[in-house]
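Inspection log for the structure reproduced underneath, given as structure tokens.
The values are calculated or read from the model by the stated rules, or taken from the named source; none is laboratory data. All values derive from a computational prediction rather than experimental measurement. Every residue, glycine as well, gets a Cβ built from its backbone with ideal geometry; the counts of neighbours run over all protein chains shown. We work out accessible area using only protein heavy atoms, side chains counted, and drop any ligands, DNA or RNA first. Shrake-Rupley method; radii C 1.70, N 1.55, O 1.52, S 1.80 Å.
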Amino acid sequence: MKRKKTVGVALSGGGVTGYFFEAGSIRALLDCGIPIDKISGVSAGAAVAALVAHEIFPDEHNPFEHIKLDYIKNLGRLSIIPYGLLGVVLTMGPKKYKESVYELCFKAPKSLVDLSVIENFFSNILQECAPKPYTKDLYITATNLDSGKQRVFTRADNVARAVRASCSFPGLGSPTIIDGNYYVDGILSCIANVEAISEADIIICINPITFNCMDPGFFHDRGIFKILEQSFRIINSERLSHDMRKIVDEMGKELILIEPKDCSIMSSNPMRMNLRLEALQSGYDHTIDKLHETEAILHKAGVQVNWPKSLRLFR
């Protein structure tokens, strides 16, 4: 009997807009009958992966909906900073000055938002799932803050807490404590954990964090934040390319990369909630286009694309 070909999907991060881009992409794969046997997620992609692994459509949910700036927790610590700055100004001597600035850093808040809402969301929604043998292998990646090492969580772990850990972007959310260790965003150790699903015959990697090639001086003329943003995107792209080359060249796997052709949606604040429909549609449309491009590859590998009678529009 011929062995069934398996498909693995690796999801990267990208904040709220990245989540919905990936959610739209997943919906396109499912609409076209592409099976998902293994799924891995990093950062916002961990939220998508956890839902898909439990047969929940991610485009119908928003785990980040109730995230807000944690004013109450941070207000007390922030109020210390003006007095600390005054102390720095009044301090005489370069040595004392450096010490005062260094101490001031310890008084700053550890995070801006409370990510416990993500953990609560998943705890509740996964409890509502009917108990049944789920067939999709799940892998969620987070980074140990102290050792810098990657940890991959599976269905056997506390999935809700693992998703929170993978989404704990430094400075945005506090590190998540699991088994006495402090974990932060999985994107620090890998952009998309393609290695976790490397046993699949075909690997589909969905990465919303692409970058634009622009005319010389485009980013330079738009200030430091645009320069830093583009630099971050370039680093991420190179890291992902390195990981994908390993999978393709060393393991001989078929790998399909789905990315937005431009980063217009992803170039703004990634935590914006009002781009939900645009991001969903972008992920869906880019995936449909990629499936058209790679249909022959999928067919050769034994995966049939069942084109829907009509394409989905998110309204």
Please name all residue pairs, on different chains or six or more residues apart, with Cβ atoms under 7 Å, provided the first residue is in segment 13-25 and is at positive phi and the second residue is assigned to a helix (DSSP H, G or I).
G14/F21; G14/A44; G15/A44
Across segment 151-187, what is the total count of residues that are over 19 Å from N124 (Cα atoms) and out of contact with any helix residue (DSSP H, G or I) (no Cβ under 7 Å at 6 or more places or on another chain)?
16
Please determine, by comparing only the residues of segment 291-307 that are in a helix (DSSP H, G or I) and touching a residue at least 12 places away in the same chain (Cβ under 8 Å), which one is nearest to A28 (Cα to Cα).
L291
How do the pairs read when you match residues in segment 153-173 that are free of Cβ contacts under 8 Å to residues at least 40 places away in the same chain and more than 16 Å from I67 (Cα to Cα) with residues anywhere that are small (G, A, S) and part of a helix (DSSP H, G or I), using Cβ under 6 Å and keeping only pairs 6 or more apart or on different chains?
F153/A162
Residue set D201, D221, D215; condition out of contact with any Phe, Trp or Tyr (no Cβ under 6 Å at 6 or more places or on another chain), among the acidic types (D, E) and under 21 Å from I297 (Cα atoms); output residue D201
May I ask you to list pairs of residues, at least six apart or on different chains, whose Cβ atoms are under 9 Å apart, with the first in segment 53-78 being assigned to a helix (DSSP H, G or I) and among the basic types (K, R) and the second being at pLDDT below 75 and open to solvent by less than 30 Å² (accessible area, probe 1.4 Å)?
K73/S111
Filter result for P208 (touching a residue at least 24 places away in the same chain (Cβ under 8 Å) and within 15 Å of the chain's Cα centre (by Cα)):
yes
Flagged in segment 120-136 as modelled with pLDDT of 85 or more and either of a type in the set (K, R) or open to solvent by less than 60 Å² (accessible area, probe 1.4 Å) (or both), in numbering order, are F121, F122, S123, I125, L126, K136
Is it true that some residue in segment 264-275 is under 18 Å from C190 (Cα atoms), touching a Ser or Thr at 6+ places or on another chain (Cβ under 9 Å) and surrounded by 19 or more Cβ atoms within 10 Å (Cβ to Cβ)?
no
